[in-house]
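What follows draws every value from the coordinates through simple rules; no lab data is involved. Predicted, not measured: the structure shown is a model, and the values here were computed from it. When we count neighbours, we look across all protein chains shown, and the Cβ atoms used for this are built from the backbone with ideal geometry, even at glycine.
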Amino acid sequence: MAERRVEVSLTRRGVRGTARLLDDRAPLTCAAVWDALPLSGDVYHAKYARNEIYALFPPFAESEPPLENPTVTPIPGDLCYFSFAGAELGTKAYGYDREVKPGTTVVDLALFYERNNLLLNGDVGWVPGIVWGQVVEGLPELADACNDLWRTGAAGETLSFRRA
């Protein structure tokens, strides 16, 4: 299979990078994301994981992928997939305030842009993510925009993923 790539962008800030899909390490997750593209949503900046931005989506996979290529210590440029069921993290503080009643699922697609991340949530403990992509172009510009988002706010900004 030829290497597949995804463009990751912060729309309002006009910043984009290119990531390669890790089909060899997370084939089911990569297939689910690839088939769902393009995806775009309001961006949030993490509170506990440190250097992470993410957008939330309704489930788009036929069935949720298993925990393939998991991590709790993502590195700069990692794209991670998380799936939360019911009201598992149902609080407005995390952005999980939409339809988080029992029986629903929220998919979280995240970009980690700097070092020293730890996926440990004070409410639920370890939250492993599936690493499905790695940014290979444009990470410094994305990191600058993510830091700006942290300092000036995320309101009105969109995190987008599309085939490159």
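Laid out as a table, the results:
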| quantity | calculated |
| --- | --- |
| Under 9 Å, Cβ to Cβ, from GLU157 - net charge with Lys/Arg +1 and Asp/Glu -1 | +1 |
| Inter-site label distance for THR105 and ASN147 at 7 Å from Cα along Cβ, in nm | 3.7 |
| Cα gyration tensor category, rounded, prolate or oblate, for segment 1-81 with a/c compared to 1.5 | rounded |
| Expected 222 nm ellipticity per residue - DSSP helices of 4 or more, -39500 (n - 2.57), all of the chain, to 500 | -4500 deg cm²/dmol |
| Formal net charge of residues neighbouring PRO140 (Cβ-Cβ distance under 15 Å; K, R +1; D, E -1) | -2 |
| Packing rank of 131-142, 37-48, 60-71, where each peptide gets the mean count of other beta carbons within 10 Å, highest leading | 131-142, 37-48, 60-71 |
| Contour excess over end-to-end distance, with Cα ends at LYS47 and THR73 and 0.36 nm allotted per residue | 7.8 nm |
| The chain shape via C-alpha gyration tensor axes, a/c threshold 1.5 | rounded |
